[in-house]
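Below: one structure, written as structure tokens.
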Amino acid sequence: MNVSVVVLAAGKGTRMKSALPKVLHEVLGKSILAHSLDTLSFIENQYVVVGHESDMVIDSLPSSTKHILQKDQLGTGHAVSSVVSSEIFVENKSEFTLVVPGDVPAIDAKDIELLIGEVKTKSSPVGFLTSVVENPHGYGRVVKNNEEIRIVEEKDCNDDERKINEINSGIYCFNTDFLIENIDSLDTKNAQGEFYLTDLIGIANNQKQDIVIVQVDDDSIKGINSMSQLNEVEDIMQKKLIEGFMEQGVYFQDPTSTYIDSEVTISSGTKILANTHLTGKTSIDADCVIGPNAQINDSSIGKNSTVVNSVIDQSTIQENGNIGPFAHIRPGSELGEGVKVGSFAETKKSKIGKGSKVPHLAYVGDAELGENVNFSAGSITVNYDGKEKHKTEIKDGAFIGSDVMLVAPVTIGEESMIGAGSVITKDVPSKALGIERNNQKNVEGYVDRKKKK
Ligand code: UD1
Ligand code: MG
């Protein structure tokens, strides 16, 4: 396709009242800017205009995205002018140039394709997306009087113009030649003293050229200029995402208490119960029950697993996993098929083989457990000597009794047993009983003698 896209991301975002550049604030776990760039990834030739905290914004960009520095932020028209006058833009000139504000993350690719199509078909110099809304406050208004079409910014509106409820999305498709020829005719004669890109619409209209206006749903063109708008847009995008999962056969008990990041995948037949947070690159396979009160980040959960009242981070759970209630699965945990990690148990950087169980009150860290290991209540791997971490290996079928300290480095052999209350500091061979505790002594008649004293 002979189209380039310019994303405007040089502004500070003063109204956010935040040190972080506006476009780097996250919506559903991904920056506002990354949402637009991902949605527009079907257009190969991408330019991002950077300015305020440019290093931070550049660092966030994919390597294929070109950036252009707008040293002083003199307005959206000035931002586009910085691109159009750059060598790289001229050398890679495409027939059409899409301009998109970096603060509109819910952009819909279908709207963009429609806009480009219309501008092409009608050989128009420019087209833009608009929406008719109940509350147009803060947006540029689309003035349509007889033959006249132009955009007027909120701060420049007269009383009648302020009542117009068709708003400018800030998303335009330009014929590149028109853009190059006219971008320098913008001026700063307006309330904000800025070069407004919006004035190009009036300029095209004055040239008696056909302007394309495509009206779309306002949910997909909402701009983020304040924390309140960030919350509003995130809410809209969250609802859309959850609707999409529902259409694929995922059940949600209470979408209002459920938070799901945009990169998360969930397969059909899975039930997401109330107050569940799925973040980062988490994937949930089919037929799972997740929640209530589950928090899963950057992890994958195999099919037919349950996760109740638990926290899982950067870990893998194979199918038929049974996690919680009240388990903490910390980074680097790889739990095999059918593994159970139950109440008040914590795992970290450990492999736990198929069918093994850590049912309650346990800590498994820097360990490798084979298949069908039973790790009983109150037992832990003593992995840290105050300076370094050491590894514990527990072979297939071993039975670790209750309240056992396995002082690492240590290896517990296949099908061996460890007696309750033992502090194990030496390797235990296969099929042996490892026990470390004093013989029990019963003192007969002790209680009665004590009472008499
Ligand atoms: C802009 C439009 C308005 C439209 C609204 C839609 C103008 C003059 N106004 O207003 O008609 O309804 O978007 O959301 O275009 N930026 C730069 N360099 C600059 C100034 C801004 O890169 O010098 C970037 C910002 O980082 C931002 C985008 O351009 O991502 C839009 O700027 P913003 O200040 O948010 O414009 P709005 O007031 O929202
Ligand atoms: Mg804006």
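Given (1) of a type in the set (A, V, I, L, M, F, W, C); (2) in contact with a helix residue (DSSP H, G or I) (Cβ under 6 Å, 6 or more places away or on another chain); (3) within 16 Å of ligand 1 (Cβ to nearest atom), where does F128 come up short, assuming only one miss? Every listed condition holds for F128 apart from (2). Looking across region 273-293 at every residue that is over 23 Å from E26 (Cβ atoms) and of a type outside the set (A, V, I, L, M, F, W, C), the one that is surrounded by the most Cβ atoms within 10 Å (Cβ to Cβ) is identified as D285.
The set of residues in region 192-245 being more than 16 Å from ligand 2 (Cβ to nearest atom), surrounded by fewer than 16 Cβ atoms within 10 Å (Cβ to Cβ) and among the small types (G, A, S) consists of G193, G244. Filter region 418-452 for residues that are in a loop (DSSP other than H, G, I, E, B) and without any contact (Cβ under 8 Å) to a residue 12 or more places away in the chain; which is farthest from I400 (Cα to Cα)? Selected residue: G445.
Considering region 360-396, and only residues there that are part of a loop (DSSP other than H, G, I, E, B) and charged (D, E, K, R), the residue that is farthest from T411 (Cα to Cα) turns out to be K387. Any residue at all in region 124-137 that is under 15 Å from Q209 (Cβ atoms) and in contact with an Asp or Glu (Cβ under 6 Å, 6 or more places away or on another chain)? Taking every residue of region 124-137 in turn, at least one turns out to be under 15 Å from Q209 (Cβ atoms) and in contact with an Asp or Glu (Cβ under 6 Å, 6 or more places away or on another chain). Applying a threshold of 6 Å to beta carbon distances and a minimum spacing of six or more residues, or different chains, the list of pairs starting in region 53-82 at a residue that is polar (S, T, N, Q) and ending at one that is at pLDDT below 95 reads Q73/G11. Scanning region 153-168 for residues that are in contact with a Lys or Arg (Cβ under 9 Å, 6 or more places away or on another chain) and either touching a residue at least 24 places away in the same chain (Cβ under 8 Å) or of a type in the set (K, R) (or both) returns E153, R162, K163, I164, N165, E166, I167, N168. Provide a single number: the residues in region 404-417 that are in a loop (DSSP other than H, G, I, E, B), surrounded by 18 or more Cβ atoms within 10 Å (Cβ to Cβ) and within 41 Å of the chain's Cα centre (by Cα). Selection size over region 404-417: 2. Taking into account only those residues within region 1-18 that are modelled with pLDDT of 95 or more and more than 9 Å from ligand 1 (Cβ to nearest atom), which is nearest to H67 (Cα to Cα)? Going through the qualifying residues, I end up with V6.
G117 satisfies every condition listed in (1) free of Cβ contacts under 8 Å to residues at least 12 places away in the same chain; (2) among the small types (G, A, S); (3) in contact with a strand residue (DSSP E or B) (Cβ under 7 Å, 6 or more places away or on another chain) except (3). When region 53-68 is filtered for residues that are more than 20 Å from H25 (Cα to Cα) and at pLDDT 95 or above, the ones remaining, listed by number, are K66, I68. On the given criteria, is L8 crowded, with 16+ Cβ neighbours inside 10 Å, in contact (Cβ under 8 Å) with a residue 12 or more places away in the chain, under 23 Å from E153 (Cβ atoms) and away from ligand 2 (no atom under 15 Å from the Cβ)? So L8 does not fit the description; no. Take the conditions more than 16 Å from ligand 1 (Cβ to nearest atom) and farther than 30 Å from K30 by Cα and apply them to E247. Does it pass? Spelling it out, it is not the case that E247 is more than 16 Å from ligand 1 (Cβ to nearest atom) and farther than 30 Å from K30 by Cα.
Scan region 108-134 for residues that are surrounded by 22 or more Cβ atoms within 10 Å (Cβ to Cβ) and either in a loop (DSSP other than H, G, I, E, B) or basic (K, R) (or both) and the total you get is 1.
Scanning region 20-55 for residues that are in a helix (DSSP H, G or I) and over 18 Å from the mean Cα position of the chain (by Cα) yields a count of 2.
Filtering region 62-98 to residues that are outside any loop (DSSP other than H, G, I, E, B), away from ligand 2 (no atom under 13 Å from the Cβ) and of a type in the set (V, I, T) leaves I68, V80, V83, V84, I88, V90, T97.
The values are calculated or read from the model by the stated rules, or taken from the named source; none is laboratory data. Since the model is a prediction, treat every value here as computed from it, not as a measurement. In this analysis, Cβ positions are derived from the backbone assuming ideal geometry, glycine residues included, and neighbour counts consider all displayed protein chains.
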